[in-house]
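Following: one structure in structure tokens, then a few remarks.
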Amino acid sequence: MSQTPAEEKKQDGIPEGLWLRCPECEAMLFAKQVNEALKVCPECNYHFKVPARERIAQLVDEGSFEERFADVAPVDPLGFVDKKKYADRLNEYQAKTGNLDAVICGKGFVKGRPLMMAVMDPEFMGGSMGSVVGEKITRTIEAAIEEKLPLLIVSSSGGARMQESTLSLMQMAKTSAAIARLDDAGLLFISLLTDPTTGGVTASFAMLGDFIIAEPNALIGFAGPRVIANTIKVELPEGFQRAEFLQEHGFVDFVVERKNLRSEIARLIDFCVKS
């Protein structure tokens with residue numbers, strides 16, 4: 001019977017987790033080196049997915065983040081069951097991530113600039129947007145309005161959460177209406193799109209930023225490219241729905257490497273916010 005790479009490494013005396021493979025260029029990478037590079041491949045510049053709390057630590061000044069709305073917890077209003085109960089799935093992801101749902105919200109400082117922020121977690125059900133995600137993002141927007149602070153939302157999502165059906169789709173209107181109130185208040189909204197940002201998240205708050213930033217090669221769209229190609233029966237152009245393609249066609253303002261995000265966010269705040 002063949003052995004898995006982890007079993008082979010264990011037999012060879014190499015500790016598990018010491019190396020990882022880049023999913024883009026397939027190079028074997030020293031995990032510590034990747035972590036020091038903010039989870040970016042040193043060979044091909046592939047930007048790995050980042051859990052919400054790690055993303056926050058990358059962006060804000062050390063020790064400056066104050067979490068809010070942490071007690072907002074999901075329920076199973078529809079008693080939804082597919083291969084397993086939705087309630088059981090929630091319990092599994094809560095245990096896996098240590099979070100109640102797929103977004104972490106709060107106040108932080110980026111290079112000394114205060115802001116409200118909501119950061120989606122791709123490790124919690126693919127960052128899908130259910131009622132709790134919509135509620136927490138809306139509360140974060142309202143807090144930004146109340147405290148007259150700029151807003152940053154980091155999107156990483158497969159879209160609406162099917163286990164909540166229409167309730168999840170309602171979050172698109174709810175969050176978009178809150179962004180409109182933020183705009184009426186004359187406050188800055190920076191939207192950061194990471195890989196992937198798709199479905200109902202793209203179709204709502206993610207594309208409503210005053211500035212829309214994307215990480216390199218992030219997949220951004222509503223339906224996936226395979227679905228679109230099969231529907232319209234046309235070969236899609238190279239790079240379709242990737243960050244650089246969207247920038248070229250006017251849907252994204254800047255494509256910014258992860259190591260430069262803090263500086264770019266601070267620059268935009270300085271450009272737009274009166275001291």
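The values are calculated or read from the model by the stated rules, or taken from the named source; none is laboratory data. All values reported here derive from a predicted model rather than from experimental measurement. Positions of Cβ are backbone-derived with ideal geometry, glycine not excepted, and every protein chain shown enters the neighbour counts.
Of note:
- Residue match in the stretch 174-182 (condition: more than 30 Å from Phe65 (Cα to Cα) and not in a strand (DSSP E or B)): no
- Residues that are surrounded by fewer than 13 Cβ atoms within 10 Å (Cβ to Cβ), over 17 Å from Glu24 (Cβ atoms) and not hydrophobic (A, V, I, L, M, F, W, C) within the stretch 207-255 comprise Arg226, Asn230, Thr231, Lys233, Glu235, Pro237, Glu248, His249, Gly250, listed in sequence order.
- Among the candidates Lys84, Lys136, Lys107, residue that is surrounded by 20 or more Cβ atoms within 10 Å (Cβ to Cβ) and assigned by TED's automatic domain parsing to the domain that holds Asp210: Lys136
- Boolean, Asp82 is at pLDDT below 95 and within 23 Å of Gly126 (Cβ to Cβ): yes
- Subset of the stretch 230-254 (residues that are in a loop (DSSP other than H, G, I, E, B) and in contact (Cβ under 8 Å) with a residue 24 or more places away in the chain): Phe251, Val252, Asp253
- Residues of the stretch 38-50 satisfying the condition of being surrounded by 20 or more Cβ atoms within 10 Å (Cβ to Cβ) and either within 24 Å of Gly112 (Cα to Cα) or among the β-branched types (Val, Ile, Thr) (or both): Val40, Val50
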